[in-house]
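The values are calculated or read from the model by the stated rules, or taken from the named source; none is laboratory data. Everything quoted here is computed from the prediction, not taken from an experiment. With ideal geometry, Cβ positions are generated from the backbone for all residues, glycine too; neighbour counts draw on all protein chains shown.
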């Protein structure tokens, strides 16, 4: 924190308010559900662990090279491809 302040940056105050349970439901096209489930299996992790990691920038899942592009395969349907998180 000292370094951040020394650089003239501000540190946001933690939000207070309603807590989060850590659960939410997402509806996906069947093809995307299948693609993500297969990718999780390929990585050797649960679907929940895979999605949690993909949603958290800077984290990595399983093997160093993963994803359809790394395997040289790619769906032709945009709705069947996971959206990159940056």
Given (1) surrounded by 10 or more Cβ atoms within 10 Å (Cβ to Cβ); (2) on the phi > 0 side of the Ramachandran plot, index of the condition residue 29 fails: (2)
Options 34, 39; residue that is in contact with a helix residue (DSSP H, G or I) (Cβ under 7 Å, 6 or more places away or on another chain), surrounded by 11 or more Cβ atoms within 10 Å (Cβ to Cβ), modelled with pLDDT of 70 or more and part of a helix (DSSP H, G or I): 39
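Table: residues versus (1) part of a helix (DSSP H, G or I); (2) modelled with pLDDT of 65 or more.
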| position | (1), (2) |
| --- | --- |
| 8 | no, yes |
| 12 | no, yes |
| 24 | no, yes |
| 45 | no, yes |
| 49 | yes, yes |
| 60 | no, yes |
| 70 | no, no |
| 79 | yes, no |
| 82 | no, no |
Suppose the filter is touching a helix residue (DSSP H, G or I) at 6+ places or on another chain (Cβ under 9 Å), at pLDDT below 70 and not in a helix (DSSP H, G or I); does residue 66 pass it? yes
